[in-house]
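Novice: Sharing a structure below in structure tokens format, with a few things to ask.
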Amino acid sequence: MNSTLSRRGFLAAAAATALAMPSIARAQGAARLLVVGGGFGGASAARFARIAYPWLDVTLVEPQSRFVTCPYGNLVLAGERGMADINHSFDGLRARGVTVVHDWVEGIDPVAKSVRLRGGATLGYDRMILSPGIALRWGAIEGYDEAASQLLPHAWVPADGGQTALLRRQLEAMEDGGVVGISIPGNPFRCPPGPYERISMIAQYLKRHKPKSKILALDAKDAFSKQPLFQDGWKQLYGDMIEWVPLSKDGKVVRVDAATRTLETEFGAKHQVAVANIIPPQSAARIAISAGLADNSGWVPVNPRSFESRAAPGIHVVGDANNGAPMPKSGFVANNTAKQAVAAAAALLRGEPVPEAVYFNTCYSHVGDEYGISIVGVFRPTDTGITEVPNSGGVSPRGNLPDQRRAEAAYADAWYASITADAWG
Amino acid sequence: MQRAALGLALALALPTAAAAQAPLAAQGCLGCHGASGAGSAAIPGLTGRPAAELSAAMRAFAANERPGTIMGRIARGYTEAEIAALAAHFAALPAGGSR
């Protein structure tokens, strides 16, 4: 939608559509699509809705005035990018006709089809796209609560970017020879390769500026995404700087002492470190849980074709909050499935069948300078869930392949530009 | 029937809008190949290239007959019908891209 003329055309068409289709022509106007959450899922949904279904009245509720992304936050930690490079304005969505409201949704009434905002207002909807992200499970690691995160940052929910900036400052302030401790949760969690890209990017920074330092990665699982590729790269680029301790070697952190930066594992080993990054266990964001949408797993079960909540018809839950396994909790999946959810919502508003779906994911990770790796997946819904298409997808090849690594690092940068434009542009 | 006729009328009245909306299968391409499919930095554009060329490229990637970094892994996940639909879609858009 790049001209006033086509915009006007859309409006005329929307009016014509409303006249011809009483099912969507509410007395008060167009069908209302309420998008809750302005991250990869929510922003992509709002943008796609305005482009593909201009007869929808789209409102987006997001607390932050600019959205700071998790992807490329690890490059900020490495000093390769600045905070300005990873945050996005909502002006692009406003220009597309999205009504953007900066507030928190405090409660959802799925029967009355309305939400209550912290600021006091109530917003009604005909269909909702709920993309609220994750909550960190404070206390799941003993001693790790919101106050402790001001000393031992998680940098896993960027919010206003404060956590990412804090961890960066701590790395900059650390003396050469210090140990950076990273606690990594079990599955499922946001961005499966993210902790390992973070290890890589911190190692890149340390190698250049504090080469006597070490990274101690304490992991609550025995295997991780793109593991052989990461470990090949770590050995090649960083020698013995990185020690990764799996669950079976007592890698699971169960307790922290924030004041002394001590991480204690299951069998009682205590690691005092110079900088600690605690990535705690997670669940769907609190609003999804308080609205009764999540099951005992802490994540939201959804219809695999429409992403409509199993518990609350009319609410399509996308992004990290849903249980979309075997799809990963990634920005790409949030972007991609948000469009299917919008298409489904639009179809259901018109009394039409939900369209056929195919889902796609690519996760690039930076391992070092001009050294990128990837995992991709193509997925399809079934009657019971979601399956990966056999004989497709997978990870980059192993081996000494500098051209491949260089190309994938460049593609990663291009991916970030592309997908953020497809969400907020 | 009436709805189909209206859809057709809409499509005729709004060629730009209709062309700008990629089929759902093609949405996955936009995450990397530019929000309009016109490319993004190191990643080549798809728009304005002949449908036959795009389909042939996808088939060659899938069969490992064309070297690529990640496209082989991707192409093997899509059906012939999906490849034809997304090739036709991107072929119909101007190479510079617009949205």
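Novice: Among the lysines, select those whose C-alpha is under 16 Å from the C-alpha of A:LYS252, and discard any that sit fewer than 8 residues away in the same chain.
Specialist: Partners within reach: A:LYS221, A:LYS270.
Novice: So what is log10(I(q)/I(0)) for the protein assembly as shown at q = 0.07, 0.08, 0.10, 0.13 1/Å, when the Debye sum runs over its Cα atoms only?
Specialist: Rounded to two decimals, the profile gives -0.38, -0.50, -0.79, -1.31.
Novice: Would you list which lysines come within 19 Å of A:LYS113, measuring only between C-alpha atoms, while excluding same-chain residues fewer than 8 positions from it?
Specialist: Hits, sequence-local ones excluded: zero.
Novice: Give the lysines whose C-alpha is closer than 21 Å to that of A:LYS212, dropping any in the same chain fewer than 8 places away, or say none.
Specialist: In chain and number order, the partners are A:LYS235.
Novice: Right, another one. Rg/Rh for the stretch A:167-300 to two decimals, with Rh computed the Kirkwood way over all alpha-carbon pairs.
Specialist: Working: Rg = 15.9 Å, Rh = 15.8 Å.
Using Cα coordinates only, the ratio equals 1.01.
Novice: Taking chain A as the reference, fit the longest principal axis to its C-alpha atoms, fit the long axis of helix A:227-238 to the helix C-alpha atoms, and give the angle between the two in degrees, 0 to 90, nearest 10.
Specialist: Approximately 50 degrees, to the nearest ten.
Novice: Would you look at the GNM of chain A, springs on alpha carbons closer than 10 Å, and say which of A:THR69, A:THR122, A:THR337 moves the most?
Specialist: A:THR122
Novice: Could you work out [θ]222 nm for chain A from helices alone, using -39500 (n - 2.57) per DSSP H run of at least four and dividing by all its residues? Round to the nearest 500 deg cm²/dmol. Before the final figure, lay out the partial values.
Specialist: Numbers: 10 runs with 127 residues, N = 425.
Calculated from helices alone, the mean residue ellipticity at 222 nm is -9500 deg cm²/dmol.
Novice: Follow-up. Bin width 10 Å, alpha-carbon pairs only: give the P(r) of the stretch A:345-425 as whole percents, running from 0 to the bin holding the largest distance.
Specialist: 16, 31, 31, 15, 6, 1
Novice: While we're here: Using 0.36 nm per residue of separation minus the Cα-Cα distance, give me the extension gain between A:LEU151 and A:PHE267 in nm, one decimal. Please list the in-between numbers first.
Specialist: On the way: separation 116, 0.36 × 116 = 41.76 nm, distance 2.41 nm.
That pair, A:LEU151 and A:PHE267, stretches by 39.3 nm at full extension.
Novice: Select from A:LYS210, A:LYS113, A:LYS235 the residue whose mean-square fluctuation is largest in a Gaussian network model of chain A (Cα-Cα springs shorter than 10 Å).
Specialist: Judging by the Gaussian network model, the answer is A:LYS235.
Novice: How long is the gain from A:ALA173 to A:GLN227 if the chain were fully straight, where each residue apart is worth 0.36 nm and the alpha carbon distance is subtracted? Don't jump to the answer; show the numbers that get you there.
Specialist: Working: separation 54, 0.36 × 54 = 19.44 nm, distance 2.99 nm.
That pair, A:ALA173 and A:GLN227, stretches by 16.5 nm at full extension.
Novice: Give me the one-decimal nm value for the distance between modelled label points at A:HIS102 and B:ALA81, 7 Å along each residue's Cα-to-Cβ direction.
Specialist: 4.6 nm
Novice: Something else: Can you give the relative contact order of the stretch A:173-302 as a percent, counting alpha carbon pairs under 8 Å and 6+ residues apart? Show your work: numbers first, answer last.
Specialist: Numbers: 211 pairs, mean separation 38.1, N = 130.
The normalised contact order for the stretch A:173-302 reaches 29 percent.
Bear in mind these aren't lab numbers, they're just calculated from the coordinates by the rules spelled out. Quick caveat: nothing in here was measured; it's all calculated off a predicted structure. Neighbour counts are summed over all protein chains in view; Cβ atoms, including those assigned to glycine, are modelled from backbone coordinates with ideal geometry.
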